[in-house]
Amino acid sequence: MPWTIDGTRIFVNESKEDAGQIVPRLQPLGGATVLQTFGYESGITNLSALIVGDVDRDAIKLLRTTGLSYVLESPEYPVPSGMGEYTVKSVSISRESCICQTIRPDLDTDAPVYRIELQLYE
């Protein structure tokens, strides 16, 4: 099973997860710091990947505009059955310099290759 988000094929180079807890620190004048916990933040996943072609680029850009959750599938992702639903927070896209792409043999060899940075919220 390849990496996909909402059915769009991505070639992931790097995956990073962030998780945290909401802990304000109160500093009273006459004593030690008091910590109060108010729950935890939902996980944030950052993916760095390659995509091939303008159609896939436009499909990925569109995911950040709907406010919906999308299925992320992966053969190695640490969620049960290799998938999870995420909301796309942000997308950063830059075009890679290449003469001939061989990543996607189903597309033309002169199809553009893009590097994307995705920030996904659980």
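Between region 19-53 and region 88-122, how many Å separate their Cα centres?
31
How charged is the neighbourhood of Ser69? Take every other residue with its Cβ under 10 Å from the Cβ of Ser69, and add Lys/Arg as +1 and Asp/Glu as -1.
For residues surrounding Ser69, the net value is -3.
Give the residue from Thr37, Gln21, Pro75 lying farthest towards the positive end of the charge dipole for the chain; charges sit on Cβ (+1 for Lys and Arg, -1 for Asp and Glu) and the dipole is referred to the Cα centre.
Going by the charge dipole, the pick is Thr37.
Most mobile of Pro24, Pro75, Pro112 per a Gaussian network model of the chain (Cα springs, under 10 Å)?
So, out of Pro24, Pro75, Pro112, the one fluctuating most is Pro24.
Please get the size of the charge dipole for the chain, origin at its Cα centre, with Cβ charges of +1 on Lys and Arg and -1 on Asp and Glu, quoted in debye to the nearest 20.
420
Compute the helix-to-body angle for 54-63: its Cα long axis versus the longest principal axis of the chain, expressed 0 to 90° and rounded to tens.
20
Counting pairs of alpha carbon atoms under 8 Å apart in space and at least six apart in sequence, what relative contact order in percent does region 4-121 give?
So the answer I get is 28 percent.
Among 115-122, 45-52, 63-70, 99-106, how do they line up by average Cβ neighbours within 10 Å per residue, starting with the highest?
Numbers: 115-122: 18.0, 45-52: 19.6, 63-70: 12.9, 99-106: 10.9.
Descending mean neighbour count gives 45-52, 115-122, 63-70, 99-106.
No value in this document is a laboratory result; all are computed from the given coordinates. Treat the numbers as computed from the prediction; the structure is a model and nothing was measured. For neighbour counting, all protein chains shown are included, and Cβ atoms are generated from backbone atoms with ideal geometry for every residue, glycine included.
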